[in-house]
Every structure is written in C-alpha cells, then in structure tokens.
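Since every read-out is calculated from the coordinates, none of them should be taken as a lab result. What you see is a predicted model; the values in this text were computed from it and never measured. Glycine also receives a Cβ, built like all others from the backbone with ideal geometry; neighbour counts cover every protein chain displayed.
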Amino acid sequence: MDLFVCGNYASISCGTWIELWSGAIGAFVAAIVGGMVALMVVRSTRGHQSELAAEARVVAALADFQATLSELPRRYSDGKEAIGQLVIQADAASNRITMDIDDFRFAEELSLWPLDLGVLTARAGELHELGDAESSNEAWKMLRGALGTLIGTTQQWARTPARKRKHWAAELEIFRKKLKADVDAILI
C-alpha cells in the first residue's frame, strides 16, 4: 500500500518523504515566525530609542533654558541689549523644548517666562542705576524668587514621572501671573 500512495522514489519510503516534507514546512514556518518576531523587536526598540532621544533633547534644551535665564541677574549691568540677547537665547531653548516634549501646555508656559524675566531684569537694573535702592532690591528679590521657582521646577523634569508633572504648567502660570502683577505694582 505504501508503494501505491506515494511511491518509493529513489528507494525512499513514503513515510520518510512525509517526514522530510514535514520538516521542511516546519522550518519554513519557523523562519517566517522568527522573522516576524525579529521585526517586532526591532520596531519596538527603534520606538523606544526614539523616545529616549526626544527626552535627551528636551533635557538638553531645559539645561540651556536654565543656564541662559540664570545669567540674567549677572548681566543686568550690561544693558538692555545684553538682556535682550539672553531673552532670545532662552526663547530659542524653549522652542527646542516645544518640539520634543509631550506636554505642550508646560512648554507653552515655559515660553512665556523669558520675556517677563528679561523685562524685570532690565527694570531692576534701571532702578539700581537711578539709585532707587528699595525698589531695586524688591525687584531683585522678585527675580531671584522667580528664577528659583522656574529653575527648581525644570531641574526636576527628567526625574519626575509624567503623571506627576501634569500640574506644573498650571502652577507656573499662577506664579508667573502673580509675579507680573507684583512687578506692575512695584515698578510703575
């Protein structure tokens, strides 16, 4: 019966032929499944690497943002042009943050700080030059407090899980608006 069903070609029995074809088909299926798994791993790894690269770019931009704004109190005596250059550099850093960060509201809030801090710095420098020590000291106190809050918040960004950062934009906005009102009240 074995000869009738699949023949005895090349002195190989039907059962042997079936085993050979079964092994070949099994190897082919295993190769396809293995290839698909490898593609999934590569895609997953590439996605994870892309996320890590974006996070690294945000951290670098935050560092530039912080460093530039930290220069404001040291450069007030260089005049409005020097302060304006620092504001432009901080704006550029905040634009880089916006390109890669997932929390657009936070990035948008950060983008509003450089100009406000630049105006405060320039005004504090003017008051200092005019000899208005009381108003100048108050402006410097506000500037140091604002920088401490802003830089202290942004320094924690990389170490804080996203779910715990959700309220940061709202808190910074409230602080910035209060600062702006205080600045308007004292510096007018």
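Side notes on the structure shown:
- In order through the stretch 37-54: 3J(HN,Hα) via Karplus (6.51 cos²θ - 1.76 cosθ + 1.60), integer Hz, x for Gly, Pro: 5, 4, 4, 5, 5, 5, 4, 5, 5, 5, x, 5, 5, 5, 4, 5, 5, 5
- Using θ = phi - 60° and Karplus 6.51 cos²θ - 1.76 cosθ + 1.60, couplings along the stretch 22-34 (whole Hz; Gly, Pro as x): 4, x, 5, 5, x, 5, 4, 5, 4, 5, 5, 4, x
- For a straight C-alpha distance cut-off of 16 angstrom, the lysines reachable from Lys180 (same-chain residues fewer than eight places away being disregarded) are Lys141.
- Only helices enter the 222 nm calculation for the chain: every DSSP H run of n ≥ 4 contributes -39,500 (n - 2.57), and dividing by all residues gives -29500 deg cm²/dmol, rounded to 500.
- The HN-Hα couplings worked out from phi for the stretch 67-73 by the Karplus form 6.51 cos²θ - 1.76 cosθ + 1.60 (θ = phi - 60°) are 5, 5, 5, 5, 6, 3, x Hz, whole numbers, x standing for Gly and Pro.
- Acute angle (nearest 10 degrees) that the helix 168-187 long axis makes with the longest principal axis of the chain, alpha-carbon atoms: 10 degrees
- Maximal additional length on extending the Met99-Ala56 stretch stands at 14.3 nm, based on 0.36 nm per residue less the C-alpha distance.
- Measure of compaction for the chain (Cα Rg per 2.2 N^0.38 Å): 2.00
- Taking the fewest neighbouring Cβ atoms within 10 Å as the starting point, the ordered list for Ser94, Ser22, Ser13 is Ser22, Ser13, Ser94.
- When the Gaussian network model of the chain links Cα atoms closer than 10 Å, the mean-square fluctuations of Phe28, Phe104, Phe175 top out at Phe28.
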